[in-house]
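Below is one structure, written out as structure tokens, with a few remarks after it.
The values are calculated or read from the model by the stated rules, or taken from the named source; none is laboratory data. These numbers were taken from a predicted model, which means no experiment stands behind them. Here the Cβ positions follow ideal geometry from the backbone for every residue, glycine too, while neighbour counts run over all protein chains shown. Surface areas here come from the heavy atoms of the whole protein model, side chains and all, with no ligands, DNA or RNA. Shrake-Rupley method; radii C 1.70, N 1.55, O 1.52, S 1.80 Å.
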Amino acid sequence: MATRNRYAFFEGDIVPIEEARISIMTSAVHYGTGVFEGIRAYWNDPEKQLYAFHLREHYERFLRNCKILWIDLPYDPEGLSEITLELLRREKFETDVYIRPVAYKSSLEVGVRLHDLDSECAIFAIPFGEYIPAPKGARLTVSSWRRIDDNSIPARGKINGAYVNSALAKTEAHRKGFDDALMLSGNGHVSEASAANLFILRGGALITAPETDDILAGITRAIIIEFARDLGIPVVERSIDRSELYIAEDAFIVGTGASVVPVVEVDHRAVGTGKPGEIAMKMRRLYLDTVQGKIPKYRAWCTPVYECRDPEGAG
Ligand code: PMP
């Protein structure tokens, strides 16, 4: 099993990781002027296959977000997907991995702006386990940090510099002994966790904040909405009040890194019974089976990385 990454896609080629280096003068290092993605590939041991999950959707979002920062890349979603598959094959991973594409202002210049600067794109992948290791469910707190507003730094843009906001909230929560933070938007509604979207259950319906409440419109969020519809669970996209967190029947946070993590406590108040909720666990199991290509209905979302060893495995 490969335990470290040896290659990266950098300045147009797949190169040994040691060669994928940027200068301290790089514009994006100073101003956070880049956008990134987080993609996962999951190892299915019985099939001896690595499945990249929702590759195309991630690269579509990546290229859309590049537009916000005037980052013009000479790639389309298919091209970036192909490069990623090639990179994973070179690494020969036989474990779950996290793939990190980043597009950034690469000119070696001082001066804060987006125009008249070159852009580059890099991709690397690393073995990756649980992002929020909370086997008994996550304990969250409402952050004292507000979520950045769309008119300040668009949260939907997955912009590098914007993650200072997430980092402040995450570390504050961690230092207070919680697993993660929930941030309120400028208008006081619950936006999202530091790097995951939130669902709560009230009156048998799942509720999640709308895209317009300064969230990153997560790909996992969209998947959970689709699962819920397939399972006949009503979903409402609407603003969430802080106090609804304290009276929810069930709650969970979702994201590529986090997968689906039940929330068992918010600000020292138990969610439901204080144990991982039934719907949260149902969604978690369905998601983890889906990403490994185990659910025929959703198998098209999984791209096999290696030559197909399973006759039914063409995705
Ligand atoms: N919100 C934020 C702030 C994030 O960084 C992420 C992780 N990309 C998510 C939500 C979840 O998004 P996705 O499901 O697309 O990974």
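Of the set (1) more than 14 Å from the ligand (Cβ to nearest atom); (2) open to solvent by 40 Å² or more (accessible area, probe 1.4 Å), all apply to V142 but (2).
Restricted to region 1-105, the set of strands (runs of 3 or more DSSP E) holding at least 3 residues that are touching a residue at least 12 places away in the same chain (Cβ under 8 Å) and open to solvent by 20 Å² or more (accessible area, probe 1.4 Å) comprises 97-105. Residues in region 248-291 that are among the β-branched types (V, I, T) and without any contact (Cβ under 8 Å) to a residue 12 or more places away in the chain: 1 in all. Take R113 and tell me if it is assigned by TED's automatic domain parsing to the domain that holds S81, exposed (fewer than 14 other Cβ atoms within 10 Å of the Cβ) and away from the ligand (no atom under 15 Å from the Cβ). Yes: the conditions hold for R113. Strands (runs of 3 or more DSSP E) fully within region 203-315 that include at least 2 residues being in contact with a Gly (Cβ under 8 Å, 6 or more places away or on another chain): 250-255, 259-266, 302-304.
Kindly evaluate A169 against the criterion of being modelled with pLDDT of 95 or more, within 29 Å of G272 (Cβ to Cβ) and either in contact with an Asp or Glu (Cβ under 6 Å, 6 or more places away or on another chain) or surrounded by 20 or more Cβ atoms within 10 Å (Cβ to Cβ) (or both). Criteria met by A169. Among the residues that make up region 302-312, is at least one of them within 21 Å of R202 (Cα to Cα), within 16 Å of the ligand (Cβ to nearest atom) and not assigned by TED's automatic domain parsing to the domain that holds N44? No. For region 148-176, a residue qualifies if it is over 17 Å from the mean Cα position of the chain (by Cα) and not in a helix (DSSP H, G or I), and the qualifying residues are I148, D149, D150, N151, S152, I153, K176.
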